[in-house]
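A short worksheet on the structure shown next.
Read the figures in this text as sums done on the coordinates, not as results from a lab. None of these values were measured; they are calculated from a predicted model. Neighbour counts are summed over all protein chains in view; Cβ atoms, including those assigned to glycine, are modelled from backbone coordinates with ideal geometry.
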Amino acid sequence: MIDLTGKVAIVTGGGRGLGEAIARKLSSLGAHTVISDLNKEAIEQVVENINSSGGEASGFVSDVANEEEAARLINETAERHGKVDILVNNAGINRDAMLHKMSLEQWRQVLDVNITGVFNTMQPASIQMRKQEQGAIINISSASWMGNVGQANYAAAKAGVVGLTKTASKELGRKGVTVNAICPGFIETDMTRAVPEKVWDMMVGKISMGRAGQPEDVANCIAFLASDQANYITGEVINVGGGMVL
Ligand SMILES: NC(=O)c1ccc[n+]([C@@H]2O[C@H](COP(=O)([O-])OP(=O)(O)OC[C@H]3O[C@@H](n4cnc5c(N)ncnc54)[C@H](O)[C@@H]3O)[C@@H](O)[C@H]2O)c1
């Protein structure tokens, strides 16, 4: 049985989709969960839902692409709660286009959020977790990190997340901090519901289990990695994709 009682967790991009499911799961297992997002109304809704169903959550508006805002999220949470046990770097965007049509703006937007945003929270979190001599960082990469048509920017950023995760796991291991990456396959959220039906069917066709995943499928794996039961697992890249092969 996974028990996160007494732990303090931060979930970026927690206002909807995978982030919301992860926040609900961690708080249902006892963690005080700080839900961070760009969208204040979405945060308030998720916090209210969790608190009214017996969990414990609070909100923090923060743009992970902004170095100062990301540092405030980590440092103020640590000040308020005395520690940060779990950091889930989930915030992410896509701006898909074929490489020959991709603008520098599309490239930069995705890199700023999906890789620099992860650095921006991990840097202050690593200082805090070194002091605590414990912690779990879980970064959301993607099955696309190995390459996916129309996603040169996204794949480059998500591959960067794998390299960052593996490096941080080597640097922080002796301090009792684990760092792992999850690669969701094709999960039903607002991000994926936005694709045309033809693309949806094509993606589902690549999944052994023959269906898109649900946000809870990803949240379940994260809950395990965030728990003490996984404190000898680090530097791993775990696919949660129903056997999807791109
Ligand atoms: N849905 C999938 O199939 C899938 C597959 C692989 C990886 N992922 C990854 O999982 C994560 C969540 O995806 P999702 O499908 O739930 O997306 P989503 O678009 O439904 O939700 C993303 C959330 O992140 C927030 N966000 C965006 N930019 C932000 C920023 N700069 N700072 C803080 N918050 C920000 C948004 O406001 C939103 O609430 C992303 O990193 C995505 O790349 C998703």
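Structure summary
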| read-out | value |
| --- | --- |
| Charge-dipole axis of the chain as Lys and Arg at +1 and Asp and Glu at -1 on Cβ define it, positive-most pick from SER169, ILE140, VAL11 | SER169 |
| Estimated FRET transfer efficiency (MET1, GLU188; beta-carbon r; R0 30 Å; 0.05) | 0.65 |
| Extension gain, LYS170 back to GLU236 (0.36 nm per residue minus Cα-Cα distance, nm) | 22.7 nm |
| Counted charge near GLU41, where neighbours are those whose Cβ lies closer than 15 Å (Asp, Glu -1; Lys, Arg +1) | -3 |
| Computed lengthening from LYS206 to ASP228, 0.36 nm per intervening residue step minus Cα-Cα distance | 4.5 nm |
| Least to most buried among ILE233, ILE93, ILE74 (fewest other Cβ within 10 Å first) | ILE233, ILE93, ILE74 |
| Cα-based helix-to-principal-axis angle, 17-28 vs the chain, degrees rounded to 10 | 30 |
| Projected label distance in nm at GLU56 and LEU104, using a 7 Å step from Cα toward the beta-carbon | 4.9 |
| GLU197 versus GLU67: modelled label distance in nm, points set 7 Å from Cα along the beta carbon direction | 4.8 |
| Magnitude of the charge dipole, the chain, Cβ model with Lys/Arg +1 and Asp/Glu -1, debye to 20 | 660 |
| Greater than 27 Å apart at Cα, pairs in LYS101/LYS170; LYS40/LYS83; LYS7/LYS170; LYS101/LYS206 | LYS101/LYS170 |
| Positive dipole terminus of segment 174-246, leading residue within CYS183, GLY242, MET203 (C-beta point charges) | CYS183 |
| Gaussian network model of the chain, springs between alpha carbon atoms under 10 Å - residue of ALA125, ALA212, ALA70 with greatest fluctuation | ALA212 |
| Eligible aspartates and glutamates near LYS131 by straight Cα distance, threshold 14 Å, same-chain separation 8 or greater | GLU79, ASP85, GLU171 |
| Percentage relative contact order, segment 39-93, counting C-alpha pairs under 8 Å, at least six apart | 21 |
| In nm, spacing of pseudo-spin labels at VAL245 and GLN134 (7 Å Cα→C-beta vector) | 4.2 |
| Relative contact order (%) - the chain, alpha-carbon pairs under 8 angstrom, separation at least six | 19 |
